[in-house]
Amino acid sequence: MTLLRLALGNLRRDALGAAFVTAAIALGAGSLFFFAGLGAGLSNAVARLFPEADRTVEVVPPRLRLGGLFGGRLDEAAVARLRALPGVTEARRRLLFGAPASAVYDGSFFGARLDVAIEVAAEGVERGALAAELPRDEPFSAAAGSPVPACVSSRLLDLYDGVFAPTRGLPRLTAGMLLGFTAPITLGRSLVAASRGPVETVPVRIACVSPRAMLAGLTVPLEVARAWNLRQGLPGDGYTGVSLSVASPRELPAVEAAVRSLGFELNSGDREAAQAAGRAAAVGATAFELLALLLVVLATGGVFQLFSGAVRSRRREIGILRALGATPAQASGLLLLEAAILGGAGGALGLCGALGAASLADAWLRRLPFPGRPETIFAFGTASAAAALAVGLLAALGGAYLPARLAARLDPARTLSDG
Amino acid sequence: MSEGAAGGTGGVEARGLVRSFRRDGRELRVLDGAELSIAPGEVVALFGESGSGKSTLLSILGGLDDGFAGSVRLSGVELSGLAEPERSRLRARTVGFVFQDHNLLPRLTVSENLLLPFAFRRGERPGPEAASEALESVGIAPLARERAARLSGGERQRAAVARALVTRPRLLLCDEPTGSLDGANGRRVAELLVSLARGRGVAVLVASHDPSLWRGADRALELSGGRLRARLAGAA
């Protein structure tokens, strides 16, 4: 306790220097924590926008087909071959509705009036493809006399909320509000092109909002898309795509090569977008983390200066402590204790500052109307907080290390006689 | 009292001490075969001119200076064979220092100054009552909570004596302990030191310029030419 009081008293003696060094450590450790949180938050945001992009291979039929020579149709046999590839854990079939469809709606829309006519695209998928977002009691299958369950893209909802709703005076929506909303769509009729098939109107009910759903259209059960195609006179067998899940991102290249060797092509748009966004986030965050580390190094230099001066001005005090029985290690330990107090305080201040700055940044971003904006672009964890505190402590201890060693080597007899 | 008993039962014994310094490129031999023995409870006054090596001798006996040749036995332990941490621990256990200008840490209270030596000892944490008792013995108990910087010169030196004795040392080394005090205060501190040390069986070596203050000492030695000589009776 006496040593702690002595250490605090020593720090108070050069309060300005101690405050400057604490602020420098706070800036360095806080910046490191802030940018680590920003990098992790942006990675999370990218992962939310493109879920499982690094574990999924999207297979499509080849654009050029000459019989079976350069690969063939995505039929059940092809799906079985794809499912059997090494590294593949799941193969989920996808089927685009191949005829025109449109929706005309003129009615109440969550408290506002909506009068809209739009072209509708649709794709059929297996329930498992949307299992993460579908309610547990939602069978996601066609039932006679009931509206067709369909999922819409969360990115589309973000676009609506961020751009469409504010500019047209429409209410902003959440995924929860949309569930159960039912509207009719007309198959076989286009608003912009001639239609060839029979025209029929079917009610569609929103069953989920998912980042895995088709971006600009409705994602419906696979058998519904097949039945709609058949009723429009389109082929009822085969698929327009297969999503292969792989156990780990490391397996992607091998699986992609195997898929190509089977004569199929890859649709890697989502993954490339995810990778580009992830790379940009990572590079930006890393650059700023390096800058923060530079600040930490500068803070370490400040600590060195402060404690070098302290050892010079406190030679006699150190000699007294040695005369009272302090070992060299205990004499240097007192300086390291003072440094640890500065480092701990600086690290803690930096953490608080980083959390405050992150809240301000999030609040500012919430006022910007850009689609897909997450609630927060930061992800702070206890590990990164502990790391930032440790960096603050290490910066202080590292800066004080050489002066402390110098203090340990002071000749007590000489310091006492020199004064 | 035999010479061996002095070094082995709590006193100090030095044999053939040689200590040199290089100054301006020349070797200056401050101690040149000095011999000394102080038994527990014995008070020895050490006189000598400025620069004669009194402080150097005290530093060597207290384990602060290890650059000497010869032998020093402190409470039965040979100092010259000890590594620095062991010497520090032995010093903490067995030696008390009183310096000319008290050397209290001004930012700490008097009580904290007294308890400071215990901060460097393993497993020994006496409470404030130990400090109060020591301050009582030097007559400044009411000043326990005062900051050292606020004390008068005499009070500071009494506090320094209390700090040197609170750890119950076997050897008390005093370097001009009355040098910064006026005559009356110096005499009071000198009497206090001698009576406390005798009462506790502590071996005391007091280096001083002023023989008149140390008439109560058991012996007086003079350091001259690097050697110690007994001073004539009545000179101290």
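The values are calculated or read from the model by the stated rules, or taken from the named source; none is laboratory data. Quantities reported herein were computed from a predicted structural model and do not represent experimental measurements. Reconstructed Cβ throughout: ideal geometry from the backbone, glycine too, with neighbour counts over all protein chains shown. Just the protein is used for accessible areas: all its heavy atoms, side chains included, with ligands, DNA and RNA removed. Shrake-Rupley method; radii C 1.70, N 1.55, O 1.52, S 1.80 Å.
Observations on the structure shown:
- Of the residues screened, A:R136 is not one that is within 16 Å of A:G217 (Cβ to Cβ) and of a type in the set (K, R).
- Single condition A:G301 does not satisfy, out of (1) open to solvent by less than 20 Å² (accessible area, probe 1.4 Å); (2) modelled with pLDDT of 95 or more; (3) farther than 29 Å from A:D161 by Cα: (1)
- Extreme residue, nearest to the other protein chains (Cβ to nearest Cβ), among residues of the stretch B:82-127 that are of a type in the set (F, W, Y) and outside any strand (DSSP E or B): B:F120
- Here A:V246 meets the list (1) in contact with a helix residue (DSSP H, G or I) (Cβ under 6 Å, 6 or more places away or on another chain); (2) within 24 Å of A:R196 (Cα to Cα); (3) of a type outside the set (K, R) almost entirely, failing just condition (2).
- Qualifying position, being among the aromatic types (F, W, Y), assigned by TED's automatic domain parsing to the domain that holds A:L38 and within 34 Å of the chain's Cα centre (by Cα), among A:F380, A:F304: A:F380
- Comparison of A:L27, A:L16, A:L8 shows that the only residue that is at pLDDT 85 or above, open to solvent by 60 Å² or more (accessible area, probe 1.4 Å) and within 14 Å of chain B (Cβ to nearest Cβ) is A:L8.
- So A:R94, is it at pLDDT 90 or above and not in a loop (DSSP other than H, G, I, E, B): yes
- Checking B:L221 against (1) at pLDDT 90 or above; (2) surrounded by fewer than 16 Cβ atoms within 10 Å (Cβ to Cβ), the condition it does not meet: (2)
- Complete set of residues in the stretch B:133-180 that are assigned to a loop (DSSP other than H, G, I, E, B), under 24 Å from B:E42 (Cα atoms) and open to solvent by less than 40 Å² (accessible area, probe 1.4 Å): B:V138, B:T167, B:P169, B:E176, B:P177, B:T178
- Only listed residue being over 17 Å from A:L410 (Cα atoms) and within 12 Å of another protein chain (Cβ to nearest Cβ), chosen from A:L306, A:L298, A:L337, A:L324: A:L337
- Restricting attention to the stretch A:224-241, the residues that are out of contact with any strand residue (DSSP E or B) (no Cβ under 8 Å at 6 or more places or on another chain) and on the phi < 0 side of the Ramachandran plot add up to 6.
- Filtered by the rule that a residue be under 26 Å from B:G216 (Cβ atoms), within 14 Å of chain A (Cβ to nearest Cβ) and not β-branched (V, I, T), the stretch B:42-74 gives B:S50, B:S52, B:G53, B:K54, B:S55, B:L57, B:L58, B:S59, B:L61, B:G62, B:L74.
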